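Participant: Before anything else, here's the structure in question.
The values are calculated or read from the model by the stated rules, or taken from the named source; none is laboratory data. Given the structure is predicted, the values throughout are model-derived calculations rather than measurements. Note: ideal-geometry Cβ built from the backbone for every residue, glycine included; neighbour counts use all protein chains shown. Heavy atoms of the whole protein, side chains included, go into the accessibility calculation; ligands, DNA and RNA do not. Shrake-Rupley method; radii C 1.70, N 1.55, O 1.52, S 1.80 Å.
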Amino acid sequence: MNAALMRSLWLCLRRDWLALVLIFLLPIIFFSVMTAVLEQISDPTSIATVKLGVVDRDHSETTRYIIRHLQAQKGFSVVELSGAALIKNEDQQERARWLRDNHLTAIAVFPVDFAKSQASSGGSTGAGQAIELLEDRANPIYAGILAKMLESTLRGLAQLARVSAALPQSLGVDAGLPGTPAVRVERLDVFGAGFGQGRTISVAYGAAGNAVLFLLFAMAGSGATLLDEEESGILERILVCGVSVRNWLLHKWFFFALVGTAQVTTMFLWGALIYHVELFKGTHFWGFLAMTLATALAAAALGILLAILCRSRTQLAGISTVVILVMSALGGSMFPRFLMSTQLKTAGLFTFNAWALDGYQKVFWYESGLLDLAPQVAVLIGLALTFMAVAVALGRRRAMN
Amino acid sequence: MSDIVKIEHARKRFGPIVALDDLCLELREAECLALVGRNGAGKTSTVRAICGRLRLDSGSIVWQPGDSVSTANCGLVPQEIALYPLLTAVENLEVFGGLNDLRGAALRDRIDWALAWTTLSDRAHEPIKQWSVGMKRRLNIACGVLHSPRLVLLDEPTSNVDPESRQTIWEMLHGLRDSGTSLLLTTHLLHEAEIMSDRIAIIDKGRVIACGTLSDLVRETLGDEHRMILRLAAPLREPLLDGARSPDNMRIDATLHDILEQLPPLLQKIRRAEGKIQSLEVGVPDLEAVFRHLTQSRVDE
């Protein structure tokens, strides 16, 4: 180990506050924002309320019941509108104005004789008069969800009415006005007790995904220092001092991998501190360390290889951005792999993001021991060595010309 | 003086470009040899070959018996400012001293010497990013000589510096040469080569076309010729002298083979044309005249 070379790398990094921010602070900020967003998505109660206007032209017990039911639903904010206003102004412009002025996602209009038509249809879904749903398509997702929820509510009510009608009155269930739902669904989480808790697992997955993504960007940025040293003549000077190209690259690799490990560890420590990622539970830390070292070595080697392949910083910036984004998209850093098709999952195995994330999942979700991480660690180290071997060969050739 | 290193019939091609074409050169102990030539003549390739950074297609670099290219006997000052901009002067010196195996007290002593030598002691602990080019150039040189090599290869060491800084660098290098260090200086500033060097090698298209002291080069290439520079107050209608360079017919730059024979008729001609002489200089030709004569081309500084 050449102390002077390592010292130069350390001093350059320590003085470059922008690089430090990009390596250590930006990933934490991004990770925190992403975690906040993902938590919101995964927690239905925290989803922004869907504001639904209701116009009841039927004024029947059934429609009152449905409206009360919708009002009781989490995630709905039901506003009853005066039917007269819409009855008078049913043109498109007026409806649009209603939606816009009341900041509504949609307006559900229960037509006159809605309850009667439902009763005469015998409870079969879709046979009675339809509820008219006036949507603001500016938010197609919410509008779609709303429509499905309404359909689902009506279907549930129809089934409940059929079940209630068959039960004795002594059970306290009124066929016409159903009270507490008679059917209760019990949900069972196979990986619940004794395994990682759902919230921290999703955070750990997010942390790993973001960590690998930012690690790649950081390593590509670090790789650019190779081009800087070549361009500024520092490399020439280093090589004249008796340091071989191989040694120069190996020192870079080792230092970048250390920085990468520090970067990922910082992010997970943040996750442990703020989001209760179970970094220090059981064998988690050692598994994490093994995966992080292997991933950092592979990412650093890729950064170096990309730098060796490029002739300028501009080339490196362009090529590395494309490579990193494609690898991260396929490898699960940007989008969970378990939501991908089989073909994409297979394609993802050609990226080391996928192997890294599989490893982290094993550590934090499946509680795997160190030996179980062998395939992931072996692939990552193998890729790292391959990248470095190619980089050294190309670097030697380039340096001697 | 014995040779410290010899380049024998070095050849190197980069694709279709011939960088070194049967180049032969020897560097002697405790001398300053200036390698002059146009851009792309092969100066940097020669330097890189000597310090082992260029694999020759053929030919060889022969060091003094018992020596080889190593950090102990070769120091490089690249053409670029090869320093870490975010580091201070001391940190840069520590890094490059460390890379040359200097440690502890020896390193500290040499850093103190280098800072005093470059007159940068008062700026020693500032990051060099904001420094002037002249200051960076001085530190650039210091990093190449910190480990006291026997031979220092300086590739355009005064590139882009102001005259004052250039003078300081020349004084630094004179001191280094006087202390017994051999210097190989590449430059396209002919005046710099004249001032700095004991011997001058003119390189053109990868080949040394002349080598020796300035007086040797003048004698060998121009014989007893003299250079005349004549300035007139106003341009004349017709050329004064065949073969003279005078783009505006006011400043005449010519080589005189025989002063006594050629100068009187020229002065008579000016009188007949009612010309008024502002100044007249006659002297031994300089390196530029030699270089022009040899390469048939003027080197623009």
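Participant: Distance check, please: which entries in A:Lys74/A:Lys362; A:Lys148/A:Lys281; B:Lys43/B:Lys136 exceed 31 angstrom between their Cα atoms?
Facilitator: Cα-Cα > 31 Å for A:Lys74/A:Lys362; A:Lys148/A:Lys281; rest within.
Participant: Pop the C-beta distance of B:Asp101 and A:Leu370 into the FRET formula with R0 = 30 Å and round what comes out to the nearest 0.05.
Facilitator: Numbers: r = 41 Å, r/R0 = 1.35.
Efficiency computed from Cβ-Cβ geometry: 0.15.
Participant: Once phi is turned into ³J(HN,Hα) by the Karplus curve 6.51 cos²θ - 1.76 cosθ + 1.60 with θ = phi - 60°, what whole-Hz value does each residue of segment A:243-248 show in order, with x for glycine and proline?
Facilitator: 7, 7, 4, 4, 5, 4
Participant: Moving on to the next point. Within segment B:199-234, list the residues whose amide N lies under 17 Å from a label point set 7 Å along Cα→Cβ of B:Asp3.
Facilitator: B:199-202, B:207-213
Participant: Could I ask something else about it? Could you order peptides A:229-241, B:136-148, B:107-119 by the average number of other Cβ atoms within 10 Å of their residues, highest first?
Facilitator: B:136-148, A:229-241, B:107-119
Participant: Run lengths n ≥ 4 of DSSP H only: what is the helix-derived mean residue ellipticity at 222 nm for chain B, with -39500 (n - 2.57) per run over all residues, to the nearest 500?
Facilitator: When only DSSP H runs of four or more count, the value is -10000 deg cm²/dmol.
Participant: How long are the three semi-axes of the equivalent ellipsoid of segment B:170-273, in whole Å, if each is the root of 5 times an eigenvalue of the C-alpha gyration tensor, listed from largest down? Could you put the intermediate results ahead of the total?
Facilitator: Numbers: eigenvalues 268, 46, 36 Å².
Each semi-axis is √(5λ); the values are 37, 15, 13 Å.
Participant: Convex hull volume of the Cα atoms in chain B, per residue, in Å³?
Facilitator: Numbers: hull volume 47.6 nm³, N = 301.
With only Cα atoms used, chain B gives 158 Å³ per residue.
Participant: Take A:Ser341 and A:Met34, extend 7 Å from each Cα along the Cα→Cβ direction, and tell me the distance between the two endpoints in nm.
Facilitator: 2.4 nm
Participant: Quick query: amide H of B:Cys74 versus all other amide H atoms, modeled in the peptide plane; which residues come in under 5 Å with a sequence gap of 5 or more or a different chain?
Facilitator: B:Arg150, B:Leu151
Participant: Same structure again: Can you give the FRET efficiency for B:Gln278 and A:Thr314, using 1/(1 + (r/R0)^6), R0 = 41 Å, r = Cβ-Cβ distance, to the nearest 0.05? Don't jump to the answer; show the numbers that get you there.
Facilitator: Working: r = 53 Å, r/R0 = 1.30.
Efficiency computed from Cβ-Cβ geometry: 0.15.
Participant: What angle, in degrees between 0 and 90 and rounded to the nearest 10, separates the Cα long axis of helix B:104-117 from the longest principal axis of the Cα atoms of chain B?
Facilitator: With rounding to tens, the tilt is 20 degrees.
Participant: Classify segment B:75-190: rounded, prolate or oblate, from the alpha-carbon gyration tensor (a ≥ b ≥ c, eigenvalue square roots; a/c under 1.5 rounded; otherwise prolate if a/b is larger than b/c)?
Facilitator: In terms of gyration-tensor shape, oblate.
Participant: Further, regarding this structure: Relative to a virtual label point 7 Å from the Cα of A:Asn102 in the Cα→beta-carbon direction, which members of segment A:54-84 show backbone nitrogen distances below 11 Å?
Facilitator: Of the residues in segment A:54-84, A:54-56, A:78-84 have backbone N under 11 Å from the label point off A:Asn102.
Participant: I've got another one for you. Given q = 0.11 Å⁻¹, what are the Debye log10 I(q)/I(0) values for segment A:192-311, with equal point scatterers placed on the Cα positions and solvent ignored?
Facilitator: Taken in order of the listed q values, log10 I(q)/I(0) reads -0.45.
Participant: Rounding to the nearest 20 debye, state how big the charge dipole of segment A:328-398 is about its Cα centre with +1 on each Lys and Arg Cβ and -1 on each Asp and Glu Cβ.
Facilitator: Here segment A:328-398 has a charge dipole of around 460 debye.
Participant: Against the longest alpha carbon principal axis of chain B, how many degrees, from 0 to 90 and to the nearest 10, is the axis of helix B:163-178 turned?
Facilitator: With both axes taken from Cα atoms, the answer is about 70 degrees.
Participant: Could you compute the net charge surrounding B:Leu222? Neighbours are other residues with a C-beta less than 12 Å from the C-beta of B:Leu222; K and R count +1, D and E count -1.
Facilitator: That works out to -3.
Participant: Check A:Leu134: other-chain or 5+ apart residues with amide H under 5 Å from its amide H, H built from backbone geometry?
Facilitator: Excluding prolines and chain starts, which carry no amide H, the hits are A:Ile107, A:Ala108, A:Val109.
Participant: Find which of B:Leu76, B:Gly15, B:Gly40 sits farthest along the positive direction of the dipole of segment B:1-131, computed with +1 on the beta-carbon of Lys and Arg, -1 on that of Asp and Glu, about the Cα centre.
Facilitator: Farthest towards the positive pole: B:Gly15.
Participant: I would also like to ask the following. Restricting to segment B:110-237, what percent of DSSP beta bridges are antiparallel, rounded to 5?
Facilitator: 50 percent
Participant: Provide a whole-number value for the mean count of partner chain Cβ atoms within 10 Å of the Cβ atoms in peptide A:14-21.
Facilitator: Across the residues of A:14-21, the mean count of other-chain Cβ atoms within 10 Å is 2.
Participant: For segment A:311-363, what does the equivalent ellipsoid look like in terms of its semi-axes, each the square root of 5 times an eigenvalue of the Cα gyration tensor, given largest first in whole Å?
Facilitator: One finds semi-axes of 24, 12, 8 Å for segment A:311-363.
Participant: To the nearest hundred square angstrom, how large is the accessible surface buried between B and A, total for both chains, probe 1.4 angstrom? Show your work: numbers first, answer last.
Facilitator: On the way: alone 15020 and 21480 Å², together 34040 Å².
Roughly 2500 Å².
Participant: Taking θ as phi - 60°, what are the ³J(HN,Hα) couplings along segment A:346-352 by the Karplus curve (6.51, -1.76, 1.60), each to the nearest whole Hz, with x for Gly and Pro?
Facilitator: My calculation for segment A:346-352 gives 5, 4, x, 5, 7, 10, 7 Hz in order.
Participant: At R0 = 25 Å, how high is the FRET efficiency between A:Thr386 and A:Ala262 if r is their beta carbon distance? Nearest 0.05 is fine.
Facilitator: 0.55
Participant: Amide H to amide H, which residues 5 or more places from B:Arg227 or on other chains are under 5 Å from it, using H placed in the peptide plane?
Facilitator: For B:Arg227, the qualifying residues are B:Leu256, B:Gly283, B:Val284.
Participant: With θ taken as phi - 60° and the coefficients 6.51, -1.76 and 1.60, list the Karplus ³J(HN,Hα) couplings across segment B:179-196 in order, rounded to whole Hz; mark glycine and proline as x.
Facilitator: Along segment B:179-196, the couplings run 7, x, 8, 7, 10, 10, 10, 9, 7, 10, 8, 5, 5, 5, 4, 4, 6, 7 Hz.
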